[in-house]
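A.B. asks: First, the structure itself, so that you have it in front of you.
Nothing in this text is a laboratory measurement; each read-out follows from the coordinates by a stated rule. Keep in mind it's a predicted model, so treat the numbers as computed, not measured. All Cβ positions, glycine included, derive from the backbone under ideal geometry; neighbour counts span all protein chains shown.
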Amino acid sequence: MEHDFEAYACSIVRGGTSKGLFFKANELPEPGETRDRIILRLLGSPDVRQIDGLGGANSLTSKVAIVGPCARPDADVDYTFGQVSVDKPKIDWQGNCGNLTSAVGVFAVNQNLVGVEEPETIVRIFNTNTFKIIHVRVPVRNGKAEATGNFSIHGVPGSGPRIEVQFFDPAGGVTGKLLPTGKAKDLVDLGERGKFTISIVDAVTPVVYMRAEELGLTGTELPTEVEAMPKVLALMEAVRSKAAELSGIVEKAEEATEKSPAYPKIGFVTSPKDYTNPDGKKIPASGVDLVARLGSMQKMHRAYMIGGAVSTGAASLIPGTVVWDALSDRAKADGRTLVIGHPYGPMEVGMESEGEDIRKVTVFRTARVLMDGVAYLPSDALPDGKKE
């Protein structure tokens, strides 16, 4: 008996402050329109609520990861990331999600895509978006990724096992250059809307950094507060679009929102200040090296992207960037660790560099599988009505 739906084995996995829909590579068609159409329909896009799909109605929870065996000798699995638009029928395949990368390690262990060792398995990942190698150290017990532990990260309730994520040679993840314009700072002139000092730094993920004060902000605003300022959001998108042109991601700034909504990311920074997080907890200036907020897909990130954190860590090593200007004296002198004050609290980033080369950036996350199962797709959602 034929069914009027198609079934796709998948998992929903949280990695850091993001979560996404995970597939083994052999579960989906080859890259192209059909694959995109399947993923969009399964997530429920385009629809601001994603009510008829598995997406969570914002950019942090509307993501896809495709994981399969890797033919390279220096990696165990290939990992392809897609940022799925919530309200548009578009998937941006240009960059990587650092938060979900931690979940790739967990998924690879649980799906037997790697040889498992206890008490820790190192999953060597080749990210096909950025052509970079990443190592994820996954705590393992009884052949599966640990689900409990006492490590916690700001922005995620409770605690879990500590997962170490190491990004090797992260420079130029999307544009091919650490400084896509060749400069530590650039000036964006928007005419009557003002002139803005920016730094574009591409390490895993390209990020446009602005000075909070030039946006009329203190820098300690929470994401929900910024999203209640449509003029500020529009200004940030205008600057991001111009930066996309300057960095070669699009030919014309006017095309950026449509053709490259996810990259570059954009954010603003300020020097260390006291602030209050969304849970009402006071975050002291003495506990951070700068205060930073990031945006993605024309919205503010509720916590902080890991790809963005790698970029911020790299930017903190480059004298003259907007990030460098905002740093504490401790961070400038240290050059090996950076504590970012994101909306929920401090996040530590470790850096290893040799001269001007950034060798490795390390962050720590928690991740766990939320669901393993089957997602159903109406057959009429596919071009020929059948799963390939």
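A.B. asks: Say we look at the stretch 349-383 and pick out the residues that are of a type in the set (D, E, K, R) and in contact with a helix residue (DSSP H, G or I) (Cβ under 9 Å, 6 or more places away or on another chain); which of these is surrounded by the fewest Cβ atoms within 10 Å (Cβ to Cβ)?
C.D. replies: Result: ASP372.
A.B. asks: Of the residues GLU255, GLU227, which single one is over 21 Å from THR197 (Cβ atoms), in contact with a strand residue (DSSP E or B) (Cβ under 6 Å, 6 or more places away or on another chain) and not aliphatic (A, V, I, L, M)?
C.D. replies: Criteria check complete, one pass: GLU227.
A.B. asks: In the set PHE167, PHE131, which member is closer than 30 Å to GLU245 by Cα and crowded, with 21+ Cβ neighbours inside 10 Å?
C.D. replies: Result: PHE167 is the single residue among PHE167, PHE131 that is closer than 30 Å to GLU245 by Cα and crowded, with 21+ Cβ neighbours inside 10 Å.
A.B. asks: Also, quick follow-up: Suppose we keep only residues that are over 21 Å from THR175 (Cβ atoms) and of a type in the set (Asp, Glu) within the stretch 311-361. Which one would you say is nearest to the chain's Cα centre (by Cα)?
C.D. replies: That would be GLU348.
A.B. asks: What pairs come out if I take residues in the stretch 145-157 that are within 16 Å of TYR304 (Cβ to Cβ) and pair them with residues that are surrounded by 19 or more Cβ atoms within 10 Å (Cβ to Cβ) and of a type in the set (A, V, I, L, M) whose C-beta lies under 7 Å away, six or more apart or interchain?
C.D. replies: Within 7 Å, the pairs are HIS154/ALA303; HIS154/MET347; GLY155/ALA303.
A.B. asks: Mind counting the residues in the stretch 37-58 that are basic (Lys, Arg) and either assigned to a loop (DSSP other than H, G, I, E, B) or farther than 11 Å from VAL84 by Cβ (or both)?
C.D. replies: Selection size over the stretch 37-58: 2.
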